[in-house]
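Take a look at the structure below.
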There are 4 protein chains.
Amino acid sequence: MEPPSSINLPLSLKTMYDIAEFILRSVELISPDQTEKMVDTLARFYENKGGKVLVMGAGRSGLVGRAFAMRLLHLGYNAYVLGETIVPAIRENDLAIAISGSGRTKLIVTAAEAAKDAKATLVALTSYYDSPLGRIADVVVEIPGRTKYSQNEDYFARQILGITEPLAPLGTLFEDTTQVFLDGIVAELMMRLKKTEEDLRRVHANIEL
Amino acid sequence: MEPPSSINLPLSLKTMYDIAEFILRSVELISPDQTEKMVDTLARFYENKGGKVLVMGAGRSGLVGRAFAMRLLHLGYNAYVLGETIVPAIRENDLAIAISGSGRTKLIVTAAEAAKDAKATLVALTSYYDSPLGRIADVVVEIPGRTKYSQNEDYFARQILGITEPLAPLGTLFEDTTQVFLDGIVAELMMRLKKTEEDLRRVHANIEL
Amino acid sequence: MEPPSSINLPLSLKTMYDIAEFILRSVELISPDQTEKMVDTLARFYENKGGKVLVMGAGRSGLVGRAFAMRLLHLGYNAYVLGETIVPAIRENDLAIAISGSGRTKLIVTAAEAAKDAKATLVALTSYYDSPLGRIADVVVEIPGRTKYSQNEDYFARQILGITEPLAPLGTLFEDTTQVFLDGIVAELMMRLKKTEEDLRRVHANIEL
Amino acid sequence: MEPPSSINLPLSLKTMYDIAEFILRSVELISPDQTEKMVDTLARFYENKGGKVLVMGAGRSGLVGRAFAMRLLHLGYNAYVLGETIVPAIRENDLAIAISGSGRTKLIVTAAEAAKDAKATLVALTSYYDSPLGRIADVVVEIPGRTKYSQNEDYFARQILGITEPLAPLGTLFEDTTQVFLDGIVAELMMRLKKTEEDLRRVHANIEL
């Protein structure tokens, strides 16, 4: 798809285009193997009816996690979000999903370590496989992005990826890419778990704030 | 950009590609005029130092609003989110930004009406200009999407837009498109308000959960 | 118990004393019958393992509801809080607990009506039996307080109760009294459900923000 | 005030009475000096118009903090709550208020240390003056309670206080006592800052979820 004529576009829409293109290119950079391991793990936990899924992320990554947790709930999971009022204890049969671009967000690494200590399975979404978060995870999915915490590493990552970055400050690229990636995961889970949109709608909150 | 070879891609990554392409195509469907009115309104409110910006959305649209409100805070705005603990009263010099794909989410329409009653300025992000939300807003930006509440209208909207939709349930397309659109708005506001990434980082929470 | 010598006490501690005394006096004003109906309803829902409990309240009453919902979770309930990310659909076998001093908080009345429409059981905690919330509830517990929305009614209520009010603005008295009342309910549920403190600790979040 | 006849009271109301009496007795155990230092600090920060107040607590202590932060907002403070979407960076002229019964809640101690590193003023509400939190705070107010983390210390504390404890699990007593204490602080701040209930109402959210 050709870029829209830049003459008439305000900077906001040009940047929107650049971010969308970054996400599009990311599809080829994300490992199908890593992705399938994540989907397999989630599908297996669906059978495990008593099991809980706890999604964890700080700041805007936490919001991306919440959006995914909502869909997990709609799919029939016992999904929870770290930082909400209602967070049950995590056990051996539970699944923790941690989101951190840098893989070093202190709070999320600490929470992920606690999940591992409780013998839960840990899935990590991060730009850095070899980060404190990536190293302790059972399943890692590497998501391209430029993270706010590690500019030097970012620089090399960018070189390697050959990506000219859009004007997107701090963790924006990782966050937006992860959001769309996770909505892709939702689509595959719908198929695997044989859920229709109507099934999701039935579990969707009927009293919503 | 050519679609990646579909042979090796799991459904999750195929859907990720489709959603990203939907967002990319949306750039040409969003009105530059509507967009500029939104940016102008936000830039004008930045001068108005005492003014508050209240972002409102339900469910996943609310999360998209929160991600935008965080960036508004980083840019130096007194930004607040409906539904959080800390929400001040809204007055004549304040700005409300309401996000609803259908433009009929009851709670958000009610909140938007209350903002108008308080004489605040109202910006609406919705797929439907002629919806209860769109009709009362001072500035409307139409964002493509398929919303969960109005399937018939969606059907026609889809015909008109000529968009073959990815496997994205409920409000996913509207939510993801709005998220990337708003990150484009952030880029333009950075330029208009002469803010560097370092400026944003300085306001970024240094104690983050 | 005698009031502490007021000579040495700052106004803050004097008011703390007055509020605590208000709560103490409220014990005799709360109907044991209404209370037992609430406990019976909760105990019955505990048996109903698939059933969900949704706690609803606005502003500070919402926070009181969250504190109670946490304990319900610790007791083994599938408890949820309106306004959080994770709120499942409410059905016939579910229980909604609505908290509103005035019984007329628009959002909570609307949510309570939605719960009734879904055929859920509704418990209301309010100062006004004959309020929009009280009238639609299956079980009402009247909790003394002075609410921010209905000053005239408050005036008469205060006359009838013969209570000299402490310096506690807006809904403070209702909120603090309800908080302590609900912690009393927790104690009785522990006994009824044969739960020890250790049982609660086991369900308590082991990864807490 | 005499205890109500226990013959007719269900265990829930008896426990409510016991908790209220615990709060009442606590008034005499809380140091007026510590209390006045907290009020003075808050009153001084009110003058400092650009200054922010960040309230921090985990679990139910966090909810108590939120209820207090709401009132600080109503009083005219720029109040924020750790864990919400909107949390600005904390600086030298800002105030952090940390709530932890044990004074050792890891997350809150870490957050309090970060606030001290940023040169903010730190007020701690805890049952243990000589705890990790108490030791780094500029102002400590000791609030009686039995905390969930340190049963041995609790035991001695209880002996010293001569308090027969009500059937209140985990941190309940500390949380409820702190809530009423903080509402006492609100009353004194109203007087000091010459705020009427009507002033509070004006700042109270007019669009509330």
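The table below lists the values:
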| item | result |
| --- | --- |
| Packing-based ranking, highest mean first, of A:189-198, D:181-190, D:9-18 given that Cβ atoms within 10 Å are counted | D:181-190, D:9-18, A:189-198 |
| Probe 1.4 Å, accessible area per residue of chain C, Å² | 36 Å² |
| Point-charge dipole on Cβ atoms (K/R +1, D/E -1) for the protein assembly as shown, about Cα centre, debye to 20 | 0 debye |
| Neighbourhood charge, 14 Å Cβ-Cβ cut-off, centred on D:T35 and excluding it, Lys, Arg +1 and Asp, Glu -1 | -4 |
| Using alpha-carbon coordinates, inclination of helix A:106-117 to the longest axis of chain A, degrees | 30 degrees |
| Residue mean of other protein chain beta carbons inside 10 Å, D:26-35 | 4 |
| Buried accessible area, chains D and C (both chains, 1.4 Å probe, Å² to nearest 100) | 5900 Å² |
| Chain D pair-distance distribution - Cα-Cα, 10 Å bins, rounded % | 8, 34, 34, 18, 5, 0 |
| Crossing angle, helix A:11-29 versus chain A [Cα axis fit, 0-90 degrees, rounded to tens] | 60 degrees |
| Candidate aspartates and glutamates - alpha carbon under 17 Å from A:K195, same-chain residues fewer than 8 apart omitted | A:D40, A:E47, A:D183 |
| Degrees between helix D:172-192 axis and first principal axis of chain D (Cα, 0 to 90, nearest 10) | 50 degrees |
| Cross-link reach list, lysines versus B:K116, counting only Cα pairs under 27 Å and skipping chain neighbours closer than eight places | B:K37, B:K49, B:K52, B:K106, B:K148, C:K106, C:K148 |
| Computed over the stretch D:9-201: relative contact order in percent, which uses C-alpha pairs under 8 Å that are six or more apart | 24 percent |
| Neighbouring partner chain Cβ atoms per residue of D:171-179, average, 10 Å criterion | 4 |
| Charge dipole magnitude, Cβ of K and R +1, D and E -1 - the stretch D:9-201, Cα centre, debye nearest 20 | 420 debye |
| Theoretical gain in end-to-end length, B:T110 to B:N48 [0.36 nm per residue, Cα-Cα removed] | 19.7 nm |
| Share of pairwise Cα separations in the protein assembly as shown, more than 49 Å, in percent | 15 percent |
| Aspartates and glutamates whose Cα lies under 17 Å from that of B:K119, excluding same-chain neighbours fewer than 8 positions away | B:E92, B:D94, B:D138, D:E208 |
| Point-to-point label distance, D:Y129-A:L193, nm (Cα→Cβ direction, 7 Å offset) | 5.4 nm |
| Full-stretch length increase - A:A118, A:V203 - with 0.36 nm per residue and alpha-carbon distance subtracted | 27.7 nm |
| Cα centroid separation - the stretch A:63-83 against the stretch B:22-101, whole Å | 24 Å |
| Averaged over D:57-67, number of beta-carbon atoms from partner chains that fall within 10 Å | 6 |
| Loop-resident sites, the stretch D:30-89, for trypsin sites (Lys or Arg not before Pro), counting at most 13 other Cβ within 10 Å (DSSP) | D:K49 |
| Rh by Kirkwood over Cα pairs, then Stokes-Einstein D for the stretch D:65-142 at 1.567 mPa s and 4 °C, µm²/s | 102 µm²/s |
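The values are calculated or read from the model by the stated rules, or taken from the named source; none is laboratory data. Not measured: the values here are computed from a predicted model. Neighbour counts are summed over all protein chains in view; Cβ atoms, including those assigned to glycine, are modelled from backbone coordinates with ideal geometry. Protein only, heavy atoms only, side chains kept; ligands, DNA and RNA dropped before computing areas. Shrake-Rupley method; radii C 1.70, N 1.55, O 1.52, S 1.80 Å.
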